[in-house]
1. Calculate the length of the line joining the C-alpha centroid of segment 19-50 to that of segment 63-80, in whole Å.
2. When the convex hull of the C-alpha atoms of the chain is computed, what volume per residue in Å³ does it have?
3. If you take the square roots of the eigenvalues of the alpha-carbon gyration tensor of segment 1-52 and sort them as a ≥ b ≥ c, do you get rounded (a/c under 1.5), prolate (a/b over b/c) or oblate?
4. Using a 10 Å cut-off on Cβ atoms, rank the peptides 35-45, 76-86 from the highest mean neighbour count down.
5. Are there any helices in the chain, counted as whole DSSP H runs, that stretch 24 Å or more along their axis by Cα and score at least -0.5 on average by Kyte-Doolittle, and if so which?
6. So between Ala219 and Thr3, what do we pick up on full extension, going 0.36 nm a residue minus the alpha carbon distance?
7. Compute the projected area of the convex hull of the Cα atoms of segment 84-125, averaged over all viewing directions, and report it in nm² to one decimal place.
8. Quick check on my link table: of Lys14/Lys177; Lys110/Lys182; Lys14/Lys55; Lys26/Lys73, which ones sit more than 27 Å apart, alpha carbon to alpha carbon?
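Derivation of every value follows stated rules applied to the coordinates shown; laboratory data play no part. As the structure is a computational prediction, the values presented were derived from the model and not from experiment. For neighbour counting, all protein chains shown are included, and Cβ atoms are generated from backbone atoms with ideal geometry for every residue, glycine included.
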Amino acid sequence: MSTIAQNLKQLTSKLPTGVKLVAVSKFHPVERLQEAYDAGQRLFGENRAQELASKAPQLPVDIEWNFIGHLQKNKVRMIIPHVAMIQSVDSVELLTLINKEAARVNRHIKVLLQLHVAKEQTKSGFTVDEVLKAAAEGNFEGLSNVTIAGVMAMATFTDDMQQVASEFETVHDTFIKLREMKFATPEFKEISMGMSDDWPIAVEHGATIVRIGTDIFGAREY
Ligand SMILES: *Cc1c(COP(=O)(O)O)cnc(C)c1O
């Protein structure tokens with residue numbers, strides 16, 4: 001069995017049933033992704049539009065591509081034909097544009113609202129106040145070609161696991177608030193959080209999707 005297949009097997013045996021695993025394949029060549037595919041993996045995550053658009057046509061069509069990085073508006077059109085889900089929606093403008101571009105090519109896209117809960121200013125996403133305000137103002141309504149399926153977040157990059165846990169707790173609380181306010185639908189069900197270093201804590205706090213790169217593919221060479 002290849003190392004990638006072994007890593008996947010080990011991870012999936014530890015993940016509770018019902019928690020989905022997105023294999024974060026950024027910076028890895030398509031051959032490595034194919035190995036993961038051959039081991040049964042179907043969900044893949046990329047964080048750069050160009051890279052996703054170039055890899056997708058080289059790999060099997062039943063892969064569900066997830067976009068997980070900061071998405072510039074001028075790159076939306078490039079990824080829409082390929083993605084099943086955009087996890088990193090960080091503004092109402094971006095959401096509106098995704099809806100428009102999806103409608104243009106007759107696609108339906110699932111999206112997650114990215115929450116900014118980490119300490120680093122470089123990370124993007126709605127603050128908790130912003131997302132609740134946008135929901136209250138009806139900014140997430142009337143979108144024919146997107147389904148808002150939940151929230152996504154990254155914790156602060158730190159060894160302080162208590163800090164990480166409290167950020168995941170905030171994400172979970174905000175998910176519940178949004179669901180009560182606006183999204184009392186079965187489609188609003190996903191909490192995407194947890195990476196190689198912190199996924200067990202994320203799962204403890206209600207993650208339904210974890211996004212793992214290094215623990216599957218090894219270290220990235222930038
Ligand atoms: C790279 C990345 C991951 C995976 O990180 P690892 O530490 O390699 O598991 C998860 N989420 C996002 C948004 C990423 O950019």
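1. Cα centroid of segment 19-50 versus Cα centroid of segment 63-80: 15 Å apart.
2. 122
3. It comes out oblate by the Cα gyration axes.
4. My ranking of the peptides, most packed first, is 76-86, 35-45.
5. Taking the DSSP H segments of the chain (at least 24 Å long, mean hydropathy at least -0.5), we get 161-181.
6. Stretched out fully, the Ala219 to Thr3 stretch lengthens by 76.5 nm.
7. 3.1
8. Lys14/Lys177; Lys14/Lys55, as the Cα separations exceed 27 Å there.
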